[in-house]
Amino acid sequence: GRNGHFAPVRINEQLTLDFMTVADPVGMHLAFDVDPATFDQILTRLQQAGVPYGSRPTEPDNGRIDHPLCARGLFFVDAARNLYEVMSPA
């Protein structure tokens, strides 16, 4: 982006897509800021489905939610090697 790592594209008042260019991409990184109730629902669904999750992009299976940039957050990977990030302020 012009002023940093990402090029933000604002879709509406609640949705912004951040793009970056990488050489030889493997999967995509999709990040979501959610409210605490939605975070709890997502965490419960991951746990019930047995999907590994973790607190860092390099450790998406450590079973922790102590995200480095927010109060609670997690990462998980799907079969296509896409990395999902879910963050909550509380």
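Points worth noting:
- Here ASN12 meets each of (1) touching a strand residue (DSSP E or B) at 6+ places or on another chain (Cβ under 6 Å); (2) assigned to a loop (DSSP other than H, G, I, E, B) with one exception, condition (1).
- Segment 21-41, residues that are within 15 Å of ASN82 (Cβ to Cβ) and among the hydrophobic types (A, V, I, L, M, F, W, C): VAL22, VAL26, MET28, LEU30, ALA31, PHE32
- Scan of segment 24-55 for residues that are modelled with pLDDT under 95, surrounded by 14 or more Cβ atoms within 10 Å (Cβ to Cβ) and not aliphatic (A, V, I, L, M), ordered by number: HIS29, PHE32, ASP33
- Filter pass, PHE75 being among the aromatic types (Phe, Trp, Tyr) and not in a strand (DSSP E or B): no
- Search result, residues across segment 21-50 that are more than 20 Å from ALA79 (Cβ to Cβ), within 15 Å of the chain's Cα centre (by Cα) and in a loop (DSSP other than H, G, I, E, B): VAL34, ASP35
The values are calculated or read from the model by the stated rules, or taken from the named source; none is laboratory data. Here the structure is a predicted model, which is why all the values come from computation and not from measurement. Heads up, the Cβs are rebuilt from the backbone with ideal geometry, glycines too, and the neighbour counts pull from every protein chain shown.
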